[in-house]
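The values are calculated or read from the model by the stated rules, or taken from the named source; none is laboratory data. Small disclaimer: the values here were computed from a predicted structure and weren't measured. Here the Cβ is made from the backbone with ideal geometry for all residues, glycine too, and neighbour counts use every protein chain on show.
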Amino acid sequence: MHPLRDLEIGVMFWGGRDPVETIREQKALGVRCGQIGIPGDMNLEGAAASWKAALAAEQFTLVTVFCAYKGEDYADIPTVQRTVGFIPEATRSEREARTLECSDFAAALGVNGIACHIGFVPEDETHRDYIAVREMVRRICDRAASHGQSFALETGQEPAKTLLHFFKDTGRANLRINFDPANMILYGTGDPIEALGVLAEHVVSVHAKDGDWPPKDVPGALGTERPLGRGSVGMERFVEKLKQVGYRGPMNIEREVPDHQERLRDIAMGVGLLERIRG
Ligand code: MG
C-alpha cells in the first residue's frame with residue numbers, strides 16, 4: 001500500500017454494500033484512504049476476505065474500523081443518551097460482543113485501529129453506569145491490544161475535561177481519541193479548537209466535519225450538521241490547530257446527510273476545500 005502524506009485527506013464511509021463498488025465510490029471523491037463504519041446489521045461473518053481483497057486491488061488504505069450498533073438513534077440529545085453506545089444497560093453485553101467482533105474483523109484486514117461512540121459518559125465516577133462502561137472499555141482495549149490495535153473514543157457527547165478524566169481513569173495505553181470538531185458544536189459541549197488542545201496527546205484520528213450550534217430555545221436539540229466550510233467549526237483554524245499540536249494522520253471527511261448523492265457531492269467539495277487549506 002502506498003504511504004500516506006501528513007494530513008492526508010480521507011473519508012469516513014459505511015460498509016454493508018459490495019466492497020469493490022464501495023471503495024471505488026470513495027476513490028472517485030479524490031481520496032485514497034479512510035475509515036469504514038460498520039452498521040449494526042452488517043454481517044461480518046466471512047466478510048473480511050472480500051474487503052481485504054478489494055482494499056488491496058484498489059490500493060486503498062483503511063485506517064480505522066468504526067463500530068455502530070443496532071437500535072442507535074441520533075434524533076436529539078435525550079434520544080442519544082437513551083440509545084447510543086455503551087450507556088444503555090439492556091444492550092451493553094450485545095454491543096460489547098459486537099465491538100470485539102469488529103476488532104477481529106479489523107485485525108483480519110490488517111487495520112490497527114477501531115473506534116466507536118461510547119455514548120454520554122456520566123461525570124460521577126461512582127455511578128454504576130460509569131463503572132460498568134469503564135470496565136467494558138478496558139476489556140475492549142485489551143482485545144484490541146491483542147491485535148496491536150488502538151481503541152478510539154469519538155468526541156463530542158461530553159466536554160473535553162470529562163472525557164479526559166474518564167480516559168485517565170480507564171488507564172489503558174491503547175485507548176485513544178477520534179476527534180470530531182463538529183460534534184463538540186452539535187452537542188453544545190464546547191469550543192472544538194480549545195478541546196483539541198486539551199485532548200491532543202491522545203488523538204489518533206480525526207473527522208473533518210462541520211456544523212452549527214443547537215438552537216438556544218429548544219431544550220435537548222442537537223445542532224445542525226453542515227457541508228465542510230459552511231458551519232461554525234472554522235476549517236482553517238481546525239487545520240492550523242492540527243498542525244500546531246503535531247497531528248500528522250489523515251483528516252477523514254464525514255458527512256451524515258441521508259441523501260446519498262448529496263453526501264457524495266458535499267464530500268467531493270470538502271476534499272477541494274481541505275486541499276486548498278492544507279496546501
Ligand atoms: Mg464523527
Query raised in the report: Checking Trp213 against (1) closer than 27 Å to Asp76 by Cα; (2) in contact with a Gly (Cβ under 7 Å, 6 or more places away or on another chain); (3) within 15 Å of the ligand (Cβ to nearest atom), which single condition isn't satisfied?
Result: (3)
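Against the condition part of a loop (DSSP other than H, G, I, E, B), within 13 Å of the ligand (Cβ to nearest atom) and not polar (S, T, N, Q), how does Val233 come out, does it pass? Quick ask: steps written out before the conclusion?
Working: part of a loop (DSSP other than H, G, I, E, B): yes; within 13 Å of the ligand (Cβ to nearest atom): yes; not polar (S, T, N, Q): yes.
Yes.
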Report summary line: All conditions in (1) within 16 Å of the ligand (Cβ to nearest atom); (2) part of a loop (DSSP other than H, G, I, E, B) are true of Leu242 except (2)
Query raised in the report: Going through segment 117-148 one residue at a time, which ones are modelled with pLDDT of 95 or more, assigned to a loop (DSSP other than H, G, I, E, B) and among the small types (Gly, Ala, Ser)?
Result: Gly148
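Can you say whether Ile114 is more than 18 Å from Ile77 (Cβ to Cβ) and touching a helix residue (DSSP H, G or I) at 6+ places or on another chain (Cβ under 6 Å), as far as the supplied structure shows?
Working: more than 18 Å from Ile77 (Cβ to Cβ): yes; touching a helix residue (DSSP H, G or I) at 6+ places or on another chain (Cβ under 6 Å): yes.
So Ile114 fits the description; yes.
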Query raised in the report: In segment 123-133, is there at least one residue being in contact (Cβ under 8 Å) with a residue 40 or more places away in the chain, closer than 18 Å to Phe86 by Cβ and within 16 Å of the ligand (Cβ to nearest atom)?
Result: no
Report task. Find all pairs meeting these conditions: Cβ atoms under 9 angstrom apart; at least six residues apart or on different chains; first residue within segment 248-261 and assigned to a loop (DSSP other than H, G, I, E, B); second residue hydroxyl-bearing (Ser, Thr, Tyr) and within 12 Å of the ligand (Cβ to nearest atom). Result -> Gly249/Ser205; Pro250/Ser205; Glu256/Tyr74
Query - Residue list for segment 50-85, restricted to those being surrounded by 17 or more Cβ atoms within 10 Å (Cβ to Cβ) and among the β-branched types (Val, Ile, Thr) - result: Thr61, Val63, Thr64, Val65, Ile77, Val80, Thr83, Val84
**Report entry** Among residues of segment 149-191, those that are of a type in the set (S, T, N, Q), assigned to a helix (DSSP H, G or I) and within 14 Å of the ligand (Cβ to nearest atom), counted
**Finding:** 1
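Here are Gly220, Gly270, Gly279: which of them is at pLDDT below 95 and under 18 Å from Asn183 (Cβ atoms)?
Values: Gly270 fails: at pLDDT below 95; Gly279 fails: under 18 Å from Asn183 (Cβ atoms).
Of Gly220, Gly270, Gly279, the one residue that is at pLDDT below 95 and under 18 Å from Asn183 (Cβ atoms) is Gly220.
I need the full set of residues from segment 195-213 which are in a loop (DSSP other than H, G, I, E, B) and either in contact with a His (Cβ under 9 Å, 6 or more places away or on another chain) or touching a residue at least 40 places away in the same chain (Cβ under 8 Å) (or both), in order please.
Initially, segment 195-213 is screened for residues in a loop (DSSP other than H, G, I, E, B), giving 209, 213.
If the condition is that a residue be in a loop (DSSP other than H, G, I, E, B) and either in contact with a His (Cβ under 9 Å, 6 or more places away or on another chain) or touching a residue at least 40 places away in the same chain (Cβ under 8 Å) (or both), then Lys209 is the only one that fits.
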Query raised in the report: Can we say Ala97 is farther than 19 Å from Val204 by Cβ, more than 15 Å from the chain's Cα centre (by Cα) and modelled with pLDDT of 95 or more?
Result: yes
Query - Inter-residue pairs, beta-carbon under 8 Å, first under 10 Å from Glu58 (Cβ atoms) and in segment 12-28, second assigned to a helix (DSSP H, G or I) and polar (S, T, N, Q), 6+ apart - result: Pro19/Ser50
Query raised in the report: Of the residues Arg263, Arg255, Arg226, which single one is within 23 Å of Gly113 (Cα to Cα), surrounded by 14 or more Cβ atoms within 10 Å (Cβ to Cβ), within 19 Å of the chain's Cα centre (by Cα) and of a type in the set (D, E, K, R)?
Result: Arg255
Query raised in the report: Only one residue in Glu194, Glu225, Glu254, Glu201 is of a type outside the set (A, V, I, L, M), within 13 Å of the ligand (Cβ to nearest atom) and out of contact with any Gly (no Cβ under 6 Å at 6 or more places or on another chain), so which one is that?
Result: Glu254
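Counting only residues that are among the aromatic types (Phe, Trp, Tyr) and within 17 Å of the chain's Cα centre (by Cα), which one in segment 31-90 is farthest from Glu21 (Cα to Cα)? If you could, list the steps in order and put the result at the bottom.
Going residue by residue through segment 31-90, those that are among the aromatic types (Phe, Trp, Tyr) are 51, 60, 66, 69, 74, 86.
Now restrict to residues that are within 17 Å of the chain's Cα centre (by Cα): 66, 69, 74, 86.
Values: Phe66: 19, Tyr69: 24, Tyr74: 28, Phe86: 32 Å.
Among them, the one singled out is Phe86.
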Query raised in the report: (1) in contact with an Asp or Glu (Cβ under 8 Å, 6 or more places away or on another chain); (2) assigned to a loop (DSSP other than H, G, I, E, B): which one isn't true of Val218, the others all being true?
Result: (1)
